[in-house]
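Read through the structure below, which is laid out as structure tokens, and then see the notes.
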Amino acid sequence: MLVSLLSVSPQEADDELGMVRGSSVKLEWLRSKFFNVTDSASDRRIDCAVRAYLLYLVGCTLFSDKSGTRVSIDYLKLSEDLDPVSSYA
């Protein structure tokens, strides 16, 4: 999911997921990968940044883990199609 929905390299995804042998990423990793995306970036890059931001928000506010530093990538599935996101409550 990280490769297809966030356009990170397979090596980056393996490195990040391998740190805890699970399916979660560090919130700081998300922030550092996508903090510099601007309006002039490609539509694909902007979509990836939107997904990363939504995952970051979910991890910080709604579904934080015990450490408060990681978020499950399972929530990334919810932003696969960005069109209905504006209708989420």
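See the values below:
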| read-out | value |
| --- | --- |
| Calculated diffusion of segment 1-40, Stokes-Einstein form, Kirkwood radius summed over Cα pairs, 37 °C and 0.692 mPa s, µm²/s | 302 |
| Per-residue Cβ neighbour rank within 10 angstrom, fewest leading, Asp47, Asp39, Asp81 | Asp39, Asp81, Asp47 |
| Correct option for Rg and Dmax of the Cα atoms in Å [calculated from the coordinates] among (1) 15.2, 52; (2) 12.7, 39; (3) 12.6, 37 | (3) |
| Linear extension gain, Cys60 paired with Ser32, 0.36 nm per residue minus alpha-carbon span | 8.6 nm |
| Helical contribution to [θ] at 222 nm, DSSP H n ≥ 4, -39,500 (n - 2.57), averaged over the chain, rounded to 500 | -12000 deg cm²/dmol |
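Any read-out appearing in this document is the output of simple, stated calculations on the displayed coordinates, not a laboratory observation. As the structure is a prediction and not an experimental result, all values here were calculated from the model. All Cβ positions, even for glycine, are placed from backbone atoms using ideal geometry, and neighbour counts span all protein chains on display.
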